[in-house]
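What follows is a set of notes on a single structure, which appears directly below.
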């Protein structure tokens, strides 16, 4: 039997959540439909949950892995419910260097790869490896060349087929950086056919790298990059408006093997996070 005070607290929490969701819906009024895709579902996170997933997202087919600026979270893909968290995931040795921000994530073979940086100085870009089951630090981290990441390392993406990991500069990137997955030594770069600005997250699917960008307009496009040729195309245009900041994305296959794009966005009032799912048309 729950106490009256507990029941009252739960009811107040539910009321606050409902108000927060109403505020989010006001931010999304009258937005145009996506171009080249359709929205198939949307999960909204408010209150404490939004601190667990306002930066990065990846998946293993059963679970989402989220990052906040200083947190990691794990959620059921069917319900979206976050059921495991790590509120202090940045290793102590990286904190001593000033690392204070977890960005995009990528999953491979039981490991979550996290991009971590030391903004606003951006002198120490790292990829840090976490156990996907526990979200605990594995003891492995790799510092990347700072001259290739002068504005930090906002995202990373594992290419399992090629056994490599990709990164890029945050603004007006002209190349992809390619690192060997075993020890993250630099293999080389892939010139892009067109520069890509304000990249927030990336994920591989079907041999292509898909990138979420927080463009300084209403569009917030998702780009595709052919990692063989460096050819850049706009995969679809999300039209989410200036009320939201685009963050990371992840991709999984539906029952027909077609991609479902899951993109994180933070509300301008910083009171909510959306995980929106899209299918191409």
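With R₀ set to 35 Å, the beta-carbon distance separating residue 218 from residue 186 gives a calculated FRET efficiency near 0.45. Spatial offset of segment 56-96 relative to segment 110-181 amounts to 16 Å, using the alpha carbon center of each. Could you tell me how many degrees, from 0 to 90 and to the nearest 10, lie between the Cα long axis of helix 4-27 and the main elongation axis, the longest principal axis, of the Cα atoms of the chain? Helix 4-27 and the main axis of the chain meet at about 50 degrees.
Based on C-alpha pairs under 8 angstrom that are at least 6 apart in sequence, the chain has a relative contact order of 18 percent. So how far apart, in nm, are the two label points at residue 121 and residue 197 if each is 7 Å from Cα heading toward Cβ? According to this spin-label approximation, the distance is 3.0 nm.
Let me have the 222 nm mean residue ellipticity of the chain computed from DSSP H runs of 4+ only, each contributing -39500 (n - 2.57), with the sum over all residues rounded to the nearest 500. Calculated at 222 nm, the ellipticity per residue is -3000 deg cm²/dmol.
Taking 70, 42, 220 in turn, the Gaussian network model of the chain (Cα-Cα springs below 10 Å) assigns the largest fluctuation to 42.
Using the average count of surrounding beta-carbon atoms within 10 Å as a protection proxy, the listed peptides 235-248, 84-97 rank, highest first, as 235-248, 84-97. Mind sorting out which of [x] 1.07; [y] 0.95; [z] 0.97 is the real Rg/Rh (Cα atoms, Kirkwood Rh) computed from the coordinates? Label of the calculated value: [z]. At an R0 of 41 angstrom, the distance between the Cβ atoms of residue 83 and residue 147 translates into a FRET efficiency of 0.55.
We did not get these values from a lab; they are worked out from the coordinates using the rules stated. Nothing here was measured: the structure is a model prediction, and the numbers come from that model. Positions of Cβ are generated from backbone atoms using ideal geometry, with glycine treated the same way; all protein chains shown enter the neighbour counts.
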